[in-house]
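The values are calculated or read from the model by the stated rules, or taken from the named source; none is laboratory data. Remember, it's a predicted structure, so these values are computed and weren't measured experimentally. Please note: Cβ atoms are built from the backbone with ideal geometry, for glycine as well, and neighbour counts cover all protein chains shown.
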Amino acid sequence: MNKLIRLVTAAALAFLNTPAIAAVKQEVDVKVQQRFQKTVDGAPSAIPTEYGEIPNGFILDRYLLDYDSENYVIEAEASNLRQNNQYFRFEGGAPGKMTWKVVWDEMPHLFSNEARTPYTYQGNGVMVLPGAWRDGTITTPNYAAGSPASAVQTAANARFNAGISTALAGAAYSPLGFDVNTGKVDLKFHPAHDFTLDVGAWRQTKRGTKPQPASFGFSNAIELAAPIDWETNEVYLEMQLAKKAYQLAFNYRLSDFDNKIPELYWDNPKRLTDQYTNNGYSQGDQGARGALSNAPDNLAHSFKFEGGVNLPMNSRFSGEAGYQRWTAFNRMMPYTTNTAITAAALAPAADKPTFDASAESSRPDPSVKGLIEVYTYMGKLSSRPLEHLRVALSHEAYIMENMSTQYNFPGWAVFDQGWHNEAVRNPREQFRDDKTALKFDLDVTDRISTDLGLKHTYKKQTREIPKLREYEGTTGVTFRPLQGMWANVSYLAGFRRSNGIDYEHYPKTVDTGGSTWFTEAPGMRRPDLADRNRHQGRVQFQWTIDEAMVGLSARMTDDRYRQGKGDLNGYDARIFPELFGTISDRQEAVGVDFSVPLPGSVTLDSYYEYDRSNRLLRSAQTQNANTCGGTGTTAIMCQDPTRRWETRLTENAHIAGLQLTWVGIEKLKTVFGYDITYTRFNGDPQNVGSAIVNYRPFETSRRMLQTLKARGEYKILKDLTLAANYAYEKFDASDFAYKDVQMRPPGNASIFLGANPIRNYYAHTVGAGLNYKF
């Protein structure tokens with residue numbers, strides 16, 4: 001690689017006919033490293049992070065080249081050569097006239113070294129199970145219309161559950177992750193001193209596997225090592241004109257995304273042949289294959305105009321306007337992969353289609369045509385009417401209009417095992433987001449300054465809550481009592497309110513008593529939609545005296561969610577009226593760091609941070625008989641209030657580090673360090689009544705990573721430095737995510753995971769290297 005860079009540099013210089021007199025600087029870092037790792041339970045070697053790798057042997061860590069002549073410069077950089085996270089950069093040009101830059105970056109994303117999966121990928125998005133897995137597949141006869149699961153099926157489920165853990169345990173380990181490769185080219189021209197033209201392109205690919213949840217029927221879930229093959233290509237054009245009194249800019253970007261695997265299909269481990277049933281809540285063993293439509297190919301055009309102008313009275317106005325057009329075009333999948341869902345199915349006419357639901361000819365259209373248009377604008381007026389006062393007023397908007405083609409559907413397949421007849425039309429999700437802000441900054445004295453901000457946000461969307469408004473107020477004070485000392489205190493109060501729930505989006509049913517009930521629970525609001533009161537505070541302090549420094553910080557965010565406008569019981573007092581979901585969420589953190597010089601040419605650096613998260617969630621016991629009377633589907637909403645339950649989830653994290661640096665001997669620098677990260681997560685025990693049997697919360701999770709390191713550097717010559725390093729790592733975890741997933745009862749669905757995170761391990765890493773400048 002060194003020779004290659006030298007040849008490329010020489011060729012570039014010869015082509016450009018640059019002067020012979022020039023300064024050339026080079027720097028190289030090389031090292032030899034060996035890592036010895038022991039992983040608990042004999043699993044493959046784990047890695048401490050998801051990115052990059054810790055290689056062994058000879059490593060060319062970094063190479064730098066800097067060529068600087070009178071009218072031309074060239075820089076080249078290469079790092080992690082011949083590793084799976086290598087990086088190259090090559091740039092140069094005539095400063096003030098034209099510059100160019102080329103970058104190549106490779107980065108792996110490894111989710112796990114311990115993935116176990118019985119599936120084999122055959123290409124074209126098809127994942128199959130080998131014969132050994134399918135020989136014992138359930139082969140019960142077709143159900144009669146509306147009949148429950150048979151004893152034969154229950155027994156077959158028991159056999160399946162009994163054998164699946166053994167089969168997974170015998171599967172070979174395989175890495176689960178993908179490689180991200182990115183290439184960039186950029187050209188920048190300066191035809192005039194106040195005008196800049198920038199053009200460029202970049203290409204990124206992601207290839208490998210990722211964890212993919214998959215299901216069959218109502219509750220039978222598995223996890224796939226799904227293949228991915230994504231390619232994104234972008235080109236852009238930017239122009240800037242910077243005059244003293246005004247500035248203008250234009251930006252255009254074209255992004256093209258290509259998914260080489262647009263659809264994914266996988267075998268059902270519990271069935272060889274398709275079967276029909278109109279029992280909507282069966283275990284998902286009726287279809288022989290599952291299917292999923294992946295992210296579609298799409299194209300995006302983005303235009304943006306920006307500008308600014310200086311105004312009298314120390315004022316300035318800046319603004320921007322943008323337009324984006326997103327298009328997607330993909331094959332429309334059939335209603336189902338289950339070939340038994342046809343007009344000939346053994347079911348009442350109301351519970352089956354009048355056509356073959358698995359046939360491509362039954363689709364409303366061969367393709368799905370997506371079109372979204374986005375409009376954005378922003379305006380900001382800032383002024384300094386007084387020497388100590390600054391004022392800014394701004395407004396910005398993001399408007400997404402969905403123009404995608406809408407289709408009429410006569411019904412849909414229920415869990416790939418039955419059919420529901422109801423004419424529907426696919427909705428168009430769209431929204432609008434407007435923000436208006438006013439801010440004042442005042443320098444009270446040379447040592448005290450303060451600020452005050454007000455902000456209003458309006459959102460309109462096609463969601464459960466169609467309109468939201470949020471009001472925020474912020475204030476802060478900065479105090480500088482001494483040279484090298486400063487303190488800052490800030491506070492934010494925010495209040496989010498909605499215009500009520502749009503009940504029309506929820507299916508309803510009428511019981512024999514004539515009452516109307518919701519068959520879904522609108523009270524289960526997401527935290528990003530529910531009414532919320534937010535209080536946020538932050539304190540910072542720093543003091544520097546000569547070479548000593550100490551810093552303190554503390555912050556807290558407290559969110560309290562409310563029921564909001566509108567009655568969650570649908571104006572019927574017999575339905576449970578309270579808000580479910582997230583009730584409160586508090587995040588707290590405090591930290592300290594300092595650096596102190598000690599006698600004997602020693603410097604002590606240390607830090608500590610404590611983080612705490614506390615969430616309160618409320619839910620209800622859906623197994624209870626409803627308290628509203630009648631026979632409607634009311635169990636979700638009509639509950640005895642004593643049957644509700646609340647869970648408090650807490651997470652605590654301690655992060656600390658200590659480092660000693662000794663430079664007592666000339667040309668020698670020695671560093672000793674210790675770092676520890678400890679986290680603990682747990683949920684409150686629950687007691688929700690006899691209807692839920694053997695209920696227990698998440699067990700307490702504990703994770704701790706310790707690192708002990710030593711490094712020495714000795715400068716032999718002016719341009720030559722030798723280095724040696726040693727590191728010890730130890731990772732310990734007691735965590736539900738590190739254990740096998742228990743099979744559910746034989747008559748129910750089977751759930752299993754095929755990938756685990758890293759195991760407990762300890763490792764020793766020893767290395768030596770040199771840095772040479774020439």
Subject >> Residue in the range 73-84 that is modelled with pLDDT of 90 or more, within 17 Å of ALA23 (Cα to Cα) and of a type in the set (Val, Ile, Thr) present >> reply: yes
Original post:
Here are ILE228, ILE261: which of them is within 22 Å of the chain's Cα centre (by Cα), of a type in the set (A, V, I, L, M), surrounded by 15 or more Cβ atoms within 10 Å (Cβ to Cβ) and part of a strand (DSSP E or B)?
Top reply: ILE228
Subject >> Residue that is modelled with the lowest pLDDT [pool: residues in the range 699-754 that are surrounded by fewer than 16 Cβ atoms within 10 Å (Cβ to Cβ) and of a type in the set (Asp, Glu)] >> reply: ASP740
Original post:
Of all residues in the range 441-453, which are farther than 13 Å from LEU386 by Cα and out of contact with any Asp or Glu (no Cβ under 7 Å at 6 or more places or on another chain)?
Top reply: THR445, ASP446, ARG447, ILE448, THR450, LEU452, GLY453
Original post:
Condition test on ALA321, is it in a loop (DSSP other than H, G, I, E, B) and surrounded by 14 or more Cβ atoms within 10 Å (Cβ to Cβ)?
Top reply: no
**OP:** Mind listing whichever residues of the range 357-373 are closer than 11 Å to GLN406 by Cα and either exposed (fewer than 13 other Cβ atoms within 10 Å of the Cβ) or among the charged types (D, E, K, R) (or both)?
**Re:** ASP365, LYS369
Original post:
Within the range 343-353, which residues are part of a loop (DSSP other than H, G, I, E, B) and in contact (Cβ under 8 Å) with a residue 40 or more places away in the chain?
Top reply: ALA345, LEU346, ALA347, PRO348, LYS352, PRO353
Original post:
Of the conditions (1) crowded, with 18+ Cβ neighbours inside 10 Å; (2) touching a Pro at 6+ places or on another chain (Cβ under 7 Å); (3) part of a loop (DSSP other than H, G, I, E, B), MET313 fails just one. Which one is it?
Top reply: (1)
Subject >> Hits in the range 398-419 (condition: assigned to a strand (DSSP E or B), exposed (fewer than 15 other Cβ atoms within 10 Å of the Cβ) and either β-branched (Val, Ile, Thr) or free of Cβ contacts under 8 Å to residues at least 40 places away in the same chain (or both)) >> reply: GLU401
Original post:
Which ones in the range 249-267 are free of Cβ contacts under 8 Å to residues at least 60 places away in the same chain and over 13 Å from ASP297 (Cα atoms)?
Top reply: ALA249, PHE250, ASN251, TYR252, ARG253, LEU254
**OP:** Sort through LEU187, LEU241, LEU264 and tell me the only one that's over 30 Å from PHE415 (Cβ atoms), touching a Leu at 6+ places or on another chain (Cβ under 7 Å), at pLDDT 85 or above and of a type in the set (A, V, I, L, M).
**Re:** LEU241
Original post:
Can you name the condition, by its number, that ASP434 falls short on among (1) part of a strand (DSSP E or B); (2) out of contact with any strand residue (DSSP E or B) (no Cβ under 7 Å at 6 or more places or on another chain)?
Top reply: (2)
Original post:
Residues in the range 447-460: is at least one out of contact with any strand residue (DSSP E or B) (no Cβ under 7 Å at 6 or more places or on another chain) and surrounded by fewer than 16 Cβ atoms within 10 Å (Cβ to Cβ)?
Top reply: no
Subject >> Identity of the residue in the range 478-492, assigned to a strand (DSSP E or B) and over 36 Å from the mean Cα position of the chain (by Cα), that ends up surrounded by the fewest Cβ atoms within 10 Å (Cβ to Cβ) >> reply: MET485
Subject >> Residue in the range 81-124 that is farthest from LYS31 (Cα to Cα), counting only those that are buried (at least 18 other Cβ atoms within 10 Å of the Cβ) and out of contact with any strand residue (DSSP E or B) (no Cβ under 6 Å at 6 or more places or on another chain) >> reply: PRO118
